[in-house]
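Heads up: the structure comes next, in structure tokens.
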Amino acid sequence: MSTPQRPHRNFYGRLKGHNLKASQQGYLDADLGALSPGAVDWEANPQREMLDVEAMFEGKPAWLEIGFGGGEHMVHQATTNRGVGIIGCEPYINGVAMLLGKIRRAGVGNVKVHPGDVRDMFEVLPAQSISKAFLLYPDPWPKTRHHRRRFVTQEHLVPLHRVLKPGAIFRVATDIEDYVRQTLEEVPRFGFEWLAERPDDWRVPWEDWHATRYEQKALREGRVPHYLTFRRV
């Protein structure tokens, strides 16, 4: 049997920023390997065999955070929801290092970390294996010609729908009005329903919300956050 070739995908975001602190590099060296779902790596799993999500989290429901930034929200959710397992995907290695430091300080063990593109994770997640997903302050790509790079496009929403369980919740937070527009246009086209019934349903944070550093920056700069809740149908 021939070995599948890794598909070519354009990636437009940052992979690395300023030099890492020695402590952050230490987190990557010491902790990342044990927290990474090995099956996501193409070299380790060229046949793209599916992850055993149930075994990975000992039968707990699995959640997915797409682009966790500095990890504030992910660690908060893991701390307050010990009965679930959370997979976080983030290609920006500085953010991964920040998350690992927060995981150490919080002492949480119900997390897995993929330091890369969520599209690689989609390839190895079994169908209907995820109970909740988060997309929080994604890269806005404000120029019109770059809107196709946003997460809320067919390339991402079709596999997201596949891996979510029926009835699973998909949360989107953004401070960019045009991202709200595109989200409300595109997400329902791919098997999701928007659950808002009144203005507070998108103006007021979720009860278990934990603000990220990106949201704090948006508020300082006068932008208004929106909190969109969808259900996989």
Given (1) surrounded by 17 or more Cβ atoms within 10 Å (Cβ to Cβ); (2) in contact (Cβ under 8 Å) with a residue 60 or more places away in the chain, where does Val233 come up short, assuming only one miss?
(1)
Give me the residue from segment 161-180 that is within 18 Å of Asp200 (Cα to Cα) and part of a helix (DSSP H, G or I) and, out of that set, most open to solvent (accessible area, probe 1.4 Å).
Glu177
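Among the residues that make up segment 115-135, is at least one of them open to solvent by less than 40 Å² (accessible area, probe 1.4 Å), in contact with a Ser or Thr (Cβ under 7 Å, 6 or more places away or on another chain) and either of a type in the set (Lys, Arg) or modelled with pLDDT of 95 or more (or both)?
Narrowing segment 115-135 to residues open to solvent by less than 40 Å² (accessible area, probe 1.4 Å): 116-122, 124-126, 129-135.
Applying the additional criterion that residues be in contact with a Ser or Thr (Cβ under 7 Å, 6 or more places away or on another chain) yields none.
No - not one qualifying residue is present in segment 115-135.
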Could you list, in sequence order, all residues of segment 70-85 that are within 15 Å of Arg104 (Cα to Cα) and either in contact with a helix residue (DSSP H, G or I) (Cβ under 8 Å, 6 or more places away or on another chain) or of a type in the set (A, V, I, L, M, F, W, C) (or both)?
Gly70, Gly71, Glu72, Met74, Val75, Ala78, Thr79
Pairs under 6 Å by beta carbon, first residue farther than 21 Å from Lys165 by Cβ in segment 38-63, partner in a loop (DSSP other than H, G, I, E, B) and polar (S, T, N, Q), six or more apart or different chains?
Pro46/Thr3
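Considering only segment 112-158, state which residues are of a type in the set (Phe, Trp, Tyr) and either over 24 Å from Leu28 (Cα atoms) or in a loop (DSSP other than H, G, I, E, B) (or both). Walk me through it before giving the result.
Initially, segment 112-158 is screened for residues of a type in the set (Phe, Trp, Tyr), giving 122, 134, 137, 141, 151.
Of everything in segment 112-158, those that are of a type in the set (Phe, Trp, Tyr) and either over 24 Å from Leu28 (Cα atoms) or in a loop (DSSP other than H, G, I, E, B) (or both) turn out to be Tyr137, Trp141, Phe151.
Quickly run through segment 183-218 and pick out the residues that are over 21 Å from Gln154 (Cβ atoms), open to solvent by 40 Å² or more (accessible area, probe 1.4 Å) and either free of Cβ contacts under 8 Å to residues at least 24 places away in the same chain or part of a loop (DSSP other than H, G, I, E, B) (or both). Before the answer, list the steps.
So in segment 183-218, the residues over 21 Å from Gln154 (Cβ atoms) come out as 195-218.
Cutting the leftovers down to open to solvent by 40 Å² or more (accessible area, probe 1.4 Å) gives us 195, 197-205, 207-208, 210, 213-214, 216-217.
The answer is Leu195, Glu197, Arg198, Pro199, Asp200, Val204, Pro205, Glu207, Asp208, His210, Gln216, Lys217.
Val96: in contact with a Pro (Cβ under 9 Å, 6 or more places away or on another chain), part of a strand (DSSP E or B) and surrounded by 20 or more Cβ atoms within 10 Å (Cβ to Cβ), yes or no?
Details: in contact with a Pro (Cβ under 9 Å, 6 or more places away or on another chain): yes; part of a strand (DSSP E or B): no; surrounded by 20 or more Cβ atoms within 10 Å (Cβ to Cβ): yes.
Here the answer is no, as Val96 does not meet what is asked.
Based on this model, can you work out whether Val158 counts as open to solvent by less than 20 Å² (accessible area, probe 1.4 Å) and modelled with pLDDT of 95 or more?
The answer is no for Val158.
The values are calculated or read from the model by the stated rules, or taken from the named source; none is laboratory data. In this text, all values refer to a predicted model and were calculated from it rather than measured experimentally. Because the Cβ atoms are built from the backbone with ideal geometry, glycine has one as well, and the counts that use them run over all protein chains shown. Heavy atoms of the whole protein, side chains included, go into the accessibility calculation; ligands, DNA and RNA do not. Shrake-Rupley method; radii C 1.70, N 1.55, O 1.52, S 1.80 Å.
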